[in-house]
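Colleague: Okay, here's the structure, questions in a sec.
The values are calculated or read from the model by the stated rules, or taken from the named source; none is laboratory data. For clarity, every value in this text was computed on a predicted model and none was experimentally measured. No Cβ is skipped: glycine too gets one built from the backbone with ideal geometry, and neighbour counts run over all protein chains shown. Accessible surface areas use protein heavy atoms only, side chains included; no ligands, DNA or RNA. Shrake-Rupley method; radii C 1.70, N 1.55, O 1.52, S 1.80 Å.
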Amino acid sequence: MFLTISLFSRILVYLTAMKIIKNFSPNYDKKKRSVNSIKIIVIHYTGMQSERESIDRLCNYNSKVSSHYLVNQKGKVFRLVQDRYVAWHAGKSYWLKYKNLNKNSIGIELVNKGHQFGYTKFKQNQISSLIKLCKKLIKKYRIDRKNIVGHSDIAPMRKLDPGEKFPWEFLAKKNVGIWHNQKLSILKKYRKIKILEKKDKKKFVNDLNKIGYCFLLKNKSFFSKIIKAFQRRFRKELIDGILDKECFIIAQNLAKKL
Ligand SMILES: [Zn+2]
């Protein structure tokens, strides 16, 4: 029976304009949500061996996972779940005042093998299509720039995607997401200079809160995981989970603008 669903899911219907390919996933809440509840875009990578395998999983009833869109490496966009339904992509997650983000977000999967199976650079066509899609969604649902996030930002204990190869800076230049305005050549000088003062650590936590990160637990391992998520996104040159002055300056700069 599931094979039938899977075959059915591959009946592709081309839509106009963005050439979004309609596919079917049964994995969503059957109750429609209000347009106003859509506040966040969560970017993922598929983390599987192939595109086919990824689409099959996201459309298989047994997997209990899905996303609204999937963008393949050639830049083709697949719609798996309609925006007005809650897709199952974020899991246990937190961002700003939001908790368990499925109900407030749109999930976009990018085909990439991920850290487990051979993480590769995202393809140019894939990123161009993603930007187009995000712009459309941002406009339609009036999504705040700071609410364009990666899965690892909202679930730092469990997730690494979309990972350090994802071009956040490039997206921000196209008005999708946020970025700082500090020069890398200057920032570099502050790399690995540890932040020791308690008040500076506190300020860093406040700045991260302002950006959206939630410090749920007050232990070292959680702190380090959040810093890693922050670094994966904003300081990909060194992802060590240690708060240094470069991270401090970046966070301060980002928070100031929000
Ligand atoms: Zn994910």
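Colleague: Going through the stretch 68-102 one residue at a time, which ones are among the aliphatic types (A, V, I, L, M) and touching a residue at least 60 places away in the same chain (Cβ under 8 Å)?
Modeller: Val71, Ala87, Ala90, Leu96, Leu101, listed by residue number.
Colleague: Another question, if that's okay. Out of Lys135, Lys103, Lys123, Lys113, which single residue is surrounded by fewer than 22 Cβ atoms within 10 Å (Cβ to Cβ), at pLDDT 95 or above, of a type outside the set (A, V, I, L, M, F, W, C) and closer than 12 Å to Lys39 by Cα? Give the steps one after another, and end with the answer.
Modeller: Working: Lys135 fails: closer than 12 Å to Lys39 by Cα; Lys123 fails: closer than 12 Å to Lys39 by Cα; Lys113 fails: closer than 12 Å to Lys39 by Cα.
That would be Lys103, the only listed residue that is surrounded by fewer than 22 Cβ atoms within 10 Å (Cβ to Cβ), at pLDDT 95 or above, of a type outside the set (A, V, I, L, M, F, W, C) and closer than 12 Å to Lys39 by Cα.
Colleague: May I pose another question? Let me spell it out: the conditions are (1) touching a Gly at 6+ places or on another chain (Cβ under 9 Å); (2) not in a helix (DSSP H, G or I), and Tyr213 meets all of them except one. Which number is the exception?
Modeller: Going through (1) touching a Gly at 6+ places or on another chain (Cβ under 9 Å); (2) not in a helix (DSSP H, G or I) one by one, Tyr213 breaks only (1).
Colleague: Let me ask something else. Does Arg145 count as over 14 Å from Ile43 (Cα atoms) and either more than 12 Å from the ligand (Cβ to nearest atom) or open to solvent by 20 Å² or more (accessible area, probe 1.4 Å) (or both)?
Modeller: No, not satisfied.
Colleague: Residues that are within 12 Å of the ligand (Cβ to nearest atom): which strands (runs of 3 or more DSSP E) entirely in the stretch 60-116 hold 3 or more of them? Walk me through it before giving the result.
Modeller: Values: elements: 69-71, 77-79, 105-110.
Hits in the stretch 60-116: 105-110.
Colleague: Further question on the same structure: Would you call Leu184 open to solvent by 40 Å² or more (accessible area, probe 1.4 Å), out of contact with any His (no Cβ under 8 Å at 6 or more places or on another chain), closer than 19 Å to Ala90 by Cα and more than 16 Å from the ligand (Cβ to nearest atom)?
Modeller: Against the criterion (open to solvent by 40 Å² or more (accessible area, probe 1.4 Å), out of contact with any His (no Cβ under 8 Å at 6 or more places or on another chain), closer than 19 Å to Ala90 by Cα and more than 16 Å from the ligand (Cβ to nearest atom)), Leu184 does not qualify.
Colleague: Can you tell me which residues in the stretch 38-67 are open to solvent by less than 40 Å² (accessible area, probe 1.4 Å) and either touching a residue at least 60 places away in the same chain (Cβ under 8 Å) or under 13 Å from the mean Cα position of the chain (by Cα) (or both)?
Modeller: Ile38, Ile40, Ile41, Val42, Ile43, His44, Tyr45, Thr46, Gly47, Met48, Ser67
Colleague: How many residues are open to solvent by 30 Å² or more (accessible area, probe 1.4 Å) and within 16 Å of the ligand (Cβ to nearest atom) when one looks only at the stretch 150-181?
Modeller: 6
Colleague: If you don't mind, another one. Can you tell me which condition Lys192 does not meet? The list is (1) more than 16 Å from the ligand (Cβ to nearest atom); (2) open to solvent by less than 90 Å² (accessible area, probe 1.4 Å); (3) touching a strand residue (DSSP E or B) at 6+ places or on another chain (Cβ under 8 Å); (4) of a type outside the set (Val, Ile, Thr), and all the others hold.
Modeller: Unmet condition: (2).
Colleague: Here is a further query. Just to be sure I understand the filter: pairs with C-beta atoms under 6 Å, separated by 6 or more residues or on different chains, first member in the stretch 129-154 and in a helix (DSSP H, G or I) and polar (S, T, N, Q), second member open to solvent by less than 10 Å² (accessible area, probe 1.4 Å) and more than 16 Å from the ligand (Cβ to nearest atom). Which pairs pass?
Modeller: Ser129/Val77
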